[in-house]
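The values are calculated or read from the model by the stated rules, or taken from the named source; none is laboratory data. Computed from a predicted model, the values in this text were never measured in an experiment. Neighbour counts run over all protein chains shown; Cβ positions are idealised from the backbone, glycine included. Side chains are part of the model used for accessible areas, which takes the heavy atoms of the whole protein and leaves out ligands, DNA and RNA. Shrake-Rupley method; radii C 1.70, N 1.55, O 1.52, S 1.80 Å.
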Amino acid sequence: MRYRLLMIVLMMAACHGGNEKSLAEGGSFHVGAGYPRSFGLPDGSKAVVMPGTTISLAKGFGKDNRDMDVDGEMMLEVSGAGVKPFVVRTRDLVIEVLEGGARFHVDANRSRPGEETDLIEGRLRVRKSYHSDTDNEPEVLAGGEMVMINRDIDLMEKEKLSQSELDKVKEKARN
C-alpha cells in the first residue's frame, strides 16, 4: 500500500513538472526503462506515464473523441474541457470521467491478471471491458475510492482509500 501511494505521489508531482512532452491524436508512445514521462494531451489533459507503459490516443482525440488505450501504469489529470467524454481503455476496464475533470491513477499491465484504478478527485464510471456471466454492472467512483479487477476469477470490487492516505497524496501533490 505504501509503495502504491509513493508511486501516485511521484506521478502527481511529475504532472506539475516542466519536463512535459506533447502527444498527438492518433499517436502511440512507449516509455522504456528509466523515469516517468509527462505528456500534454491535445485536449489539455496531462498524463504521467511510468516506465514499461504504452499509451495510445485514438485517431481524432480531442476533436471527435477523448479515447485512449493504456497498457501499464500512469497518472492522469483530465481537463474538464470538451464535450466528449474522456475514456481510458485497458485490457479489463473501461474508465470514463464523469462531469468535467478528474485526477486518477491507473495500474493495468496486460501481462498481469489484476488491474486497479485509484481516484484522487472527480467522478469515474468504471466497467469491465469484457462480458461477464456473473456481473456486468459498472461502479461509479468518487474521490478517495478505487476499483480492483481480476479477470482470472472474474471479480471487480470497489473500495474506499483511508482518509489519511488520501490526504497524504493530496498534500504532496500540491508541493
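Overview of values
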| item | result |
| --- | --- |
| Solvent-accessible area per residue, Å², over segment 53-114 with all protein chains present [probe radius 1.4 Å] | 38 |
| Computed FRET value (nearest 0.05) for Arg125 with Asp167, which takes r as the C-beta separation and R₀ as 22 Å | 0.30 |
| Segment 69-175: trypsin sites (Lys or Arg not before Pro) in DSSP coil with no more than 15 other Cβ atoms inside 10 Å | Arg110 |
| Under 13 Å, Cβ to Cβ, from Thr90 - net charge with Lys/Arg +1 and Asp/Glu -1 | -2 |
